[in-house]
1. Identify all residues within the range 4-35 that are farther than 22 Å from D86 by Cα, at pLDDT 95 or above and under 13 Å from the mean Cα position of the chain (by Cα); write none if there are none.
2. Restricting attention to the range 76-96, and to residues there that are touching a strand residue (DSSP E or B) at 6+ places or on another chain (Cβ under 7 Å) and not in a loop (DSSP other than H, G, I, E, B), which single residue is surrounded by the most Cβ atoms within 10 Å (Cβ to Cβ)?
3. With the checklist (1) closer than 23 Å to D3 by Cβ; (2) touching a helix residue (DSSP H, G or I) at 6+ places or on another chain (Cβ under 9 Å); (3) among the small types (G, A, S) in hand, flag the one item A102 doesn't pass.
Amino acid sequence: MQDADIAELFHGLGPVTIKRMFGGKGVYHNGLIVGLEVDGEILLKADQESAVDFAAAGSRQWIYDGQKNRKPTAMPYWSIPVSAVDDPEEMVVWTKKAYEAALRARK
């Protein structure tokens, strides 16, 4: 996914910085990571508080398969709810949830 396309998805949240990492990209807002691009898919940061909302919206949690001889690890990133993909106003709601999770994680 191109950086401009990623920035467009997060447009309602405000300016983002996109950095290459681990074969994908990290998406940052105000210096905090709010999402990832992995294998062409955007994943949004969640925590114990917001993961319930992502699950209820039908999102799936990213499971990192890792390296050989290591157990898969559930990561704090979730797929974008299908209903938000083509709805910029709803996308703002989910990107704000990701930023709020990033703020809570900072503490």
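The values are calculated or read from the model by the stated rules, or taken from the named source; none is laboratory data. Quick caveat: nothing in here was measured; it's all calculated off a predicted structure. With ideal geometry, Cβ positions are generated from the backbone for all residues, glycine too; neighbour counts draw on all protein chains shown.
1. Once the filter is applied, which keeps residues that are farther than 22 Å from D86 by Cα, at pLDDT 95 or above and under 13 Å from the mean Cα position of the chain (by Cα), the range 4-35 yields L32, I33.
2. In the first step, residues of the range 76-96 are kept if they are touching a strand residue (DSSP E or B) at 6+ places or on another chain (Cβ under 7 Å); the result is 76-80, 94-95.
Checking the rest, the ones that are also not in a loop (DSSP other than H, G, I, E, B) come to 76-79, 94-95.
Details: P76: 19, Y77: 25, W78: 25, S79: 17, W94: 28, T95: 26.
Result: W94.
3. (2)
The rows are residues; the columns are (1) in contact (Cβ under 8 Å) with a residue 60 or more places away in the chain; (2) of a type outside the set (F, W, Y); (3) under 19 Å from A105 (Cβ atoms); (4) assigned to a loop (DSSP other than H, G, I, E, B).
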| residue | (1), (2), (3), (4) |
| --- | --- |
| I6 | no, yes, no, no |
| V52 | no, yes, yes, no |
| S59 | no, yes, yes, yes |
| N69 | no, yes, no, yes |
| A74 | no, yes, yes, no |
